[in-house]
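S.K.: Can you keep this structure in mind? I'll have questions shortly.
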Amino acid sequence: TRLLDIDAVDTLVYTVAKDSFRVFNFADPANPRQLGACRDSGYTLSVCNGYAYVADRWGLYVVDVRDPANPHHVASWGTDLIGVKARGNICCVTTDNQSNPGVLEFTILDVRTPSSPTPLGSLDSCGAYDVFLDGQSAFLSGYYIFNEFRILDISDSTRPRHVGTAATPDQNFGVWENPTNNLAYVADDFGGLIVIDVANLNAPVVRDTLLRAGITYEVQVQGEYAFVAQEELGLKVLDVTNPRCPTEVGSVDSTRDVITHT
């Protein structure tokens, strides 16, 4: 089954597909094994504090994964979810606005009681396939109609506030921000990997565009390396030690048409 998203916590890897949610143990990378599964499905997920938050067109599904051998559904919320990112006691989601189709709404949920997610605050017209949280800021990748990278101030969870925007040429599937060098990386579909200077949160500036060949779906940054998932071209590894001159240092071909996450 083609996987649509993954998340990892320590040696456990959580996956979601169109037909199921699964938990794997990768303590021995050469011999991964499945621990548990349930029927919840969706597009993307975020795991935090023993719970997995799965975004699906029918809503947000909350899955209890404290016992990896017995993941089970404990709650649902909303409808038409696009993106999700959980941290601490909050879960940030983007949903399709029912009264204005094609326009997304950003919502912060209180998940101190995961079985009963409760809306705290929201902001309309903030489209995003992906959300990255850093401190009191939320970085939003963008969406297919509004091809814009956005920065929100979420210091007050009841009143998220728009801070800055940078336009990108294509659909923004993934986003990752690196606080050590004040850069954000956006996987911009046919537009490649967009590098954005976020030193000034109120005025982010596009600095560079990389990997224009292929379709860029997702990016994550670990230390001095950026890992980029591309359709047909597989996994690309960039050295971003010098942010002004990222260089490709390795790649792995995918056996299927796309890698959704690294």
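S.K.: Kirkwood Rh, the range 12-136, all Cα pairs: how many Å?
M.R.: It works out to 14.8 Å.
S.K.: Could I ask something else about it? I want to check the label-to-label distance for Cys245 and Phe26. Put each point 7 Å from Cα in the C-beta direction and report it in nm to one decimal.
M.R.: Spacing of the two 7 Å Cα→Cβ label points: 3.2 nm.
S.K.: So what is the accessible area of the chain per residue, in Å², with the probe set to 1.4 Å?
M.R.: Accessible area per residue, the chain: 45 Å².
S.K.: Starting from the amide H of Leu3, placed 1.01 Å from N in the peptide plane, find each other amide H under 5 Å away whose residue is 5 or more places distant or on another chain.
M.R.: Distant-sequence amide H within range of Leu3: zero hits.
S.K.: Related question: Among Asp134, Asp40, Asp28, determine the one that fluctuates most according to a GNM of the chain built with springs between C-alpha atoms less than 10 Å apart.
M.R.: Most flexible of the set in this elastic network: Asp28.
S.K.: Just want to confirm a number: the relative contact order over the chain, from Cα pairs under 8 angstrom separated by 6+ residues, in percent.
M.R.: Answer for the chain is 9 percent.
S.K.: Now for a different question. Give me the log10 of I(q) over I(0) for the chain at q = 0.07, 0.08, 0.14, 0.15 Å⁻¹, as the Debye formula computes it from C-alpha points; what are the numbers?
M.R.: -0.22, -0.30, -0.96, -1.10
S.K.: Let me ask something else about it. Arg39 to Arg112: extension gain in nm, 0.36 nm per residue of separation minus the Cα-Cα distance?
M.R.: 23.9 nm
S.K.: For the chain, which whole-number percentage of the solvent-accessible area (1.4 Å probe, protein heavy atoms only) is attributable to carbon and sulfur atoms?
M.R.: Answer for the chain: carbon and sulfur cover 47 percent of the accessible area.
S.K.: Right, something else. Would you mind getting me the FRET efficiency between Leu3 and Ala199? Use the beta-carbon distance for r and R0 = 25 Å, nearest 0.05.
M.R.: The formula returns an efficiency of 0.10 here.
S.K.: Here's a follow-up. Taking a cut-off of 13 Å, what percent of all Cα-Cα pairs in the range 26-72 are separated by more than that?
M.R.: More than 13 Å apart: 59 percent of the Cα pairs in the range 26-72.
S.K.: Among Pro29, Pro179, Pro68, whose mean-square fluctuation peaks in a Gaussian network model of the chain (Cα, cutoff 10 Å)?
M.R.: Most flexible of the set in this elastic network: Pro29.
S.K.: In addition: Could you go through the range 42-56 in sequence order and give the Karplus-derived ³J(HN,Hα) for each residue, using 6.51 cos²θ - 1.76 cosθ + 1.60 with θ = phi - 60°, rounded to whole Hz, and x for Gly and Pro?
M.R.: x, 9, 8, 8, 9, 10, 7, 6, x, 9, 9, 10, 10, 8, 9
The values are calculated or read from the model by the stated rules, or taken from the named source; none is laboratory data. Everything numeric in this text was worked out from a predicted model, so none of it was measured. A quick note on method: Cβ atoms are made from the backbone with ideal geometry, for glycine too, and the neighbour counts reach across all protein chains shown. SASA here: full protein model, heavy atoms, side chains in, ligands and nucleic acids out. Shrake-Rupley method; radii C 1.70, N 1.55, O 1.52, S 1.80 Å.
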